[in-house]
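Here is the structure we will look at.
The values are calculated or read from the model by the stated rules, or taken from the named source; none is laboratory data. The shown structure was predicted, so the numbers you read here are calculated from the model rather than taken from an experiment. As a convention, Cβ positions derive from the backbone with ideal geometry for all residues, glycine included, and neighbour counts pool all protein chains shown.
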Amino acid sequence: MTHKLKRWALNQALEHSRRTVLLTLFITVIIGSGVRFIFLDDNIMNMLPKDIDSRRIWDEVIEDFKYTDFMFIAFGNSGGNILNSEALSFAWELSEKFDDIPHVDEVISISTLNRMDSDDGFLEVGDLMPHKNMTEEEVASLSDYLKSNSNISSRILSKDADYINIILRPKSDHDFPGMVAAVSNITASYQNQYEFHFGGQPHLTGAIPALIKTETQQLMLLGLFIMAAILLINLRSLPAVGMVLSVIFLSALSMMGFMGWVYHFTQTSRFTFSMVNTSMPIVLLTIANSDGVHILSRFFREARKHKDVKKALTMTMNQLMLPIFLTSITTTAAFLTMVSSPIATMTGYGATIGFGILWAWILSSTYLPAVIHLKKWNMQNTAISKPSILENLIHRFGRSILEYPKRILATGVVIVVVSSIGIWFINVEVNIINLFKPGNEIRESTLFLDREMAGSMNLIVKVEGDLKDPEVLNKMVDIQNYISKFPTVNTTFSIADVIKEMHKSIMDNDPKFETIPETRGKINNLFTMYSMSGDPDDFEALVNYEYETGLITAMMQSVSTKEIVIMADQIKAYIEEMGSEKFITETSGMMMFLKDFTNLVVQSSINSIILSIVIILFIAWIFFRHWKFGLLSVIPLTSAVILNFGLMGWFGVDLSHFTALLTSIIIGVGVDFAIHYISEFIHYSKNGIGTDEISRQVVDDVGYPILLDVFSNMGFGALIASSLIPLVHMGGLMVFAMISTSLGTLTILASVMEINKQNLYKTGNA
Amino acid sequence: MKNLAIIIIIISWMFGLTGDELVQKMDDRITPKDSKVDMVMTLTNKKGKTRESSLRSTTKDDGAKQIIWFLSPADDKGVSFLKIEHDDKDDEMRMWLPAFKKIRRISASKRSDSFMGSDMSYEDMSTRQSNEFKFKIIGSEFFKDASCYLLESKPKEHIRTEYGHHITWVDSTLFVPLKEESYDKMGKIIKEKYFIYTVINKYQILTEIKVTNIQKNHSTTLKFNNIELDRGVKDSYFHERYLKRLPK
């Protein structure tokens, strides 16, 4: 069956070259035309699963109250006094403009908060800012009020009163990028007046997709340029480089078109183009590049030997059809294991990239040989007549490796074993701030908010009980006091704070009454009094309609998922110790969800990697017709995976959902080399090369395209220059996967096969 | 009947009834000197959850003087509220808080502040004056079989208000509002209000108001029972000493 298919494809490419090229181009354009149906989904929140317990709790909190994570916008000038009529008028204007943004549910700022004053038996619930343009007296009064009400000022003012903080509560998590863009549009024209800092989870998740898109596009172009340059230096033929690149572009076009068509016909969110999908073109480029590089470099070697294009092409395709087919299906299978990912879009990711890989295989088996055949090659050209520097290099490299196979193997095994110990030190942790390199604007803004303002993230403690009962409210105060002692917490607030403030106000601003009143009747009187002039929505984010559920919000500095878990556990232990017969509590918020989500992604990525290795083993076993070859085919990949996670443990690189996911993606890039090596070994064992020479011949033939593939893909190492750590990881992992799997193939696998060559020779020959 | 109403409206137009004149006719309507009512206020939030309070109110001079006592829920019983409006100075508002045994003056500095946690603001409850609003009749329409003028009220520039304009369905024969839509400054509807009347002693007396805040999806229904009119309540009754006594 495979022979028939191989013969048919070769016949089409060589006997009907023009028709084959036109037909493959036509079909590619038809598939690629689906690009217009691609649905861009920038919202990271849409990617996150909704069926995790912590997400359910968080959604319940949002459903009962409002959205709990805020976006922060701080403006001012360092060292100045922001409490002046001009800046306050600007805060008013900005708050009004932010309030008009459709995504914004509530603006919490100096111009929207209330103050409670009591003087000579007169209680007034009024605005902190009664009007936009305040007189000096009014500004002084406001300043005094804020000085004596730190629970309010800590949220809206910097510690040195040189910045004003405006807090936006989103209506939902449906369009953070839209909200961030709207805020940026508003503040853009004031950047010369004041220094602005933005932060908070909605800002991070809203700004990251655009940043990733921009940086990926720029660095990918740079990577492509480097790739083309390395190919040109080694292949020394512009048409040959053009042919490799054309396979890459046509595969990428069909892949994107496929995604568009599937979305068009199914409308499933699994096939939307989200932030994660930005890595798809890069991953496909490296895979499609591998096919083209193997075919062209082999074609040049065969042409050098036979001086005949058709013969060289026939020899090349006869030898490479099976390994290219095998590498394509093994890589596709590896990507299809992503359907088990808790992230819905990863199903689409795996299927789309799988299609792209299979289309790259079709193009490499039909279009590429047909194009090579159509080109009039000059056999005297140095590209064909003389080996390249890399070819000479691998020749020498191969000889030295095969001279001491046992030493090489022992060294390789020791490296893998030693690094595997590092797996036990792996730290599964995410700190959102660490997604950005030092100096990145988002990171610096977030650090500023953490340092000078209320912080950039929050932790929610949901309290269920009778929230008019003084005992419950006093316990809430105790919990708040306990939480406030954490060095990362800047301020906390809850309905208990409002009650304390009302109590103080009604008792003529006597600070000793800034407490929870001793009877339920008094608490109720305070609420009733407030309702005479306050808005019914004023407490909506603090307590539910029945006063049965309330929230304690801790505004804090950006911390890692691990730290938040420790904090949540300590809070839980404290509550249990204090006794909580009258109420129950639950900790919630984005970070609690992120912790569970990260664990889930890491677990599913590891499962996906293991499953990929098992599938590759079986596919290689079936096609090479012996379990030994199946086992050998996964040696470099398994070594690379162990090295990857082991070195992460040794060097203290946190395993986050990003790194786990990227490892499972990029590992697919590195499965090809072993298959090419084994396939070549079997080919030579069947074609009469003796056991003495077989390994050297295999390294000579396969080593060069492997190294050329690796070197040309090093261009994507440019991603390391990104200011976004996920892209840095992607570039780094790409380089690491390429180097580790190629070296694994040319050292460990080559040594194992050299040591066992007699046995394997017989098996291959059989 | 409908035809007659239409004829009346057409004749009114022919004789050029202006918005200001319509508002004047509404103001000229005869009203009781004072009243005592029991009210049931039901607040409903966007999730359909409700809060119910019953109150007793005595008013005089078209609501310029008012005392409200909370009867239920039990937590609120005894709380009372006194309001006296003044033309030349800020309104006077006091509250009796029985748990604290204190009377506290309170202030709603913003006209848009909610009244008693309801969807009605102080602005909604106050009469619109011609020096603050521009009135215009923009058409006519039937509402629940009553022919109505459509009265548009736009605040003048110096007025601080959360509203951009209001459209009121004014009964063309009784000159009472039956329905009102209030819009924000962007032209989006904020509130819808419905008014139901009954005739007691020749007066058109409100028996139910329903206000829905469309944007917040929150509504308030006020039902009036046990209405007693023209009881001869004296001005001195509106004094804080009466706040502490729940009337029978």
Does the stretch B:42-67 hold any residues that are over 29 Å from residue B:215 (Cα atoms) and within 13 Å of chain A (Cβ to nearest Cβ), and which are they? B:66
For the stretch B:119-137, check the following and say yes or no: at least one residue is within 10 Å of another protein chain (Cβ to nearest Cβ), modelled with pLDDT of 85 or more and buried (at least 19 other Cβ atoms within 10 Å of the Cβ). yes
Going by the conditions given, is residue A:505 among the hydroxyl-bearing types (Ser, Thr, Tyr), more than 14 Å from chain B (Cβ to nearest Cβ) and in contact with a Ser or Thr (Cβ under 7 Å, 6 or more places away or on another chain)? no
Within the stretch A:456-471, track down each residue that is assigned to a loop (DSSP other than H, G, I, E, B) and under 18 Å from residue A:542 (Cβ atoms). A:466, A:467, A:468, A:469
Just a yes or no: is a residue in the stretch A:314-324 in a helix (DSSP H, G or I), in contact (Cβ under 8 Å) with a residue 60 or more places away in the chain and either in contact with a Gly (Cβ under 9 Å, 6 or more places away or on another chain) or among the basic types (Lys, Arg) (or both)? no
Please indicate, with yes or no, whether at least one residue in the stretch A:535-544 is of a type in the set (A, V, I, L, M), within 13 Å of another protein chain (Cβ to nearest Cβ) and farther than 16 Å from residue B:51 by Cβ. no
What are the residue pairs meeting all of these: first residue in the stretch A:280-307, first residue touching a residue at least 24 places away in the same chain (Cβ under 8 Å), second residue surrounded by fewer than 23 Cβ atoms within 10 Å (Cβ to Cβ) and outside any helix (DSSP H, G or I), Cβ atoms under 6 Å, and 6 or more apart or on different chains? A:307/A:379
In the stretch A:404-423, how many residues are more than 19 Å from residue A:640 (Cβ to Cβ) and without any contact (Cβ under 8 Å) to a residue 60 or more places away in the chain? 2
Condition set of a type in the set (Val, Ile, Thr) and touching a residue at least 60 places away in the same chain (Cβ under 8 Å), scope the stretch A:475-510, selection farthest from residue A:555 (Cα to Cα): answer is A:506
Here, strands (runs of 3 or more DSSP E) confined to the stretch B:134-248 with at least 3 residues that are touching a Pro at 6+ places or on another chain (Cβ under 8 Å) and farther than 23 Å from residue B:56 by Cβ are B:163-171
Of the numbered conditions (1) more than 18 Å from residue B:119 (Cβ to Cβ); (2) more than 12 Å from chain A (Cβ to nearest Cβ); (3) in contact with a strand residue (DSSP E or B) (Cβ under 8 Å, 6 or more places away or on another chain), residue B:39 satisfies every one except a single condition; which is it? (1)
Condition first: of a type in the set (Gly, Ala, Ser), part of a helix (DSSP H, G or I) and crowded, with 19+ Cβ neighbours inside 10 Å. Can you find one or more residues in the stretch A:186-206 that meet it? yes
Quick check on the stretch A:656-670. Is at least one of its residues more than 28 Å from residue A:278 (Cα to Cα), touching a Ser or Thr at 6+ places or on another chain (Cβ under 9 Å) and touching a residue at least 40 places away in the same chain (Cβ under 8 Å)? no
At the interface with chain A (Cβ under 8 Å from one of its Cβ atoms) and more than 17 Å from the chain's Cα centre (by Cα): does that describe residue B:146? no
Unique residue being surrounded by fewer than 20 Cβ atoms within 10 Å (Cβ to Cβ) and within 14 Å of chain A (Cβ to nearest Cβ) when the list is B:81, B:100, B:70, B:175: B:100
From the list A:439, A:356, which one is part of a helix (DSSP H, G or I), touching a residue at least 12 places away in the same chain (Cβ under 8 Å) and of a type outside the set (A, V, I, L, M)? A:356
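Could you check the stretch A:578-606 and list, in sequence order, the residues that are in contact with a strand residue (DSSP E or B) (Cβ under 6 Å, 6 or more places away or on another chain) and either outside any strand (DSSP E or B) or under 12 Å from residue A:472 (Cα atoms) (or both)?
Within the stretch A:578-606, A:582, A:583, A:584, A:585, A:589, A:602 meet the criteria.
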Tell me which of these residue B:114 doesn't satisfy, since it passes every other one: (1) crowded, with 20+ Cβ neighbours inside 10 Å; (2) facing chain A (nearest Cβ under 8 Å); (3) polar (S, T, N, Q); (4) touching a residue at least 24 places away in the same chain (Cβ under 8 Å). (4)
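If only one of A:125, A:107, A:139 is surrounded by fewer than 19 Cβ atoms within 10 Å (Cβ to Cβ), out of contact with any His (no Cβ under 8 Å at 6 or more places or on another chain) and of a type in the set (Val, Ile, Thr), which one is it? Walk me through it before giving the result.
Numbers: A:125 fails: surrounded by fewer than 19 Cβ atoms within 10 Å (Cβ to Cβ); A:107 fails: surrounded by fewer than 19 Cβ atoms within 10 Å (Cβ to Cβ).
One residue alone meets the criteria, A:139.
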Under 6 Å by Cβ, and 6 or more places apart or on different chains, what pairs join a residue from the stretch A:379-403 that is in contact (Cβ under 8 Å) with a residue 40 or more places away in the chain with one that is surrounded by fewer than 13 Cβ atoms within 10 Å (Cβ to Cβ)? none
Can residue A:445 be described as of a type in the set (S, T, N, Q), in a helix (DSSP H, G or I), free of Cβ contacts under 8 Å to residues at least 60 places away in the same chain and farther than 28 Å from residue A:600 by Cβ? no
Only one of A:513, A:527 is over 20 Å from residue B:77 (Cβ atoms) and either touching a residue at least 60 places away in the same chain (Cβ under 8 Å) or within 13 Å of chain B (Cβ to nearest Cβ) (or both), namely A:513
Kindly provide the set of residues from the stretch A:732-760 that are modelled with pLDDT under 85 and farther than 26 Å from residue A:681 by Cα, ordered by number. A:733, A:734
Any hit, the stretch A:270-281, residues being surrounded by 22 or more Cβ atoms within 10 Å (Cβ to Cβ), over 21 Å from the mean Cα position of the chain (by Cα), in a helix (DSSP H, G or I) and not β-branched (Val, Ile, Thr): no
Answer with yes or no whether residue B:201 is touching a strand residue (DSSP E or B) at 6+ places or on another chain (Cβ under 7 Å), in contact (Cβ under 8 Å) with a residue 40 or more places away in the chain and on the phi < 0 side of the Ramachandran plot. no
In the stretch B:228-248, how many residues are without any contact (Cβ under 8 Å) to a residue 40 or more places away in the chain and either acidic (Asp, Glu) or farther than 16 Å from residue B:60 by Cα (or both)? 3
Count - residues of the stretch A:307-359 that are buried (at least 24 other Cβ atoms within 10 Å of the Cβ) and of a type in the set (Phe, Trp, Tyr): 3
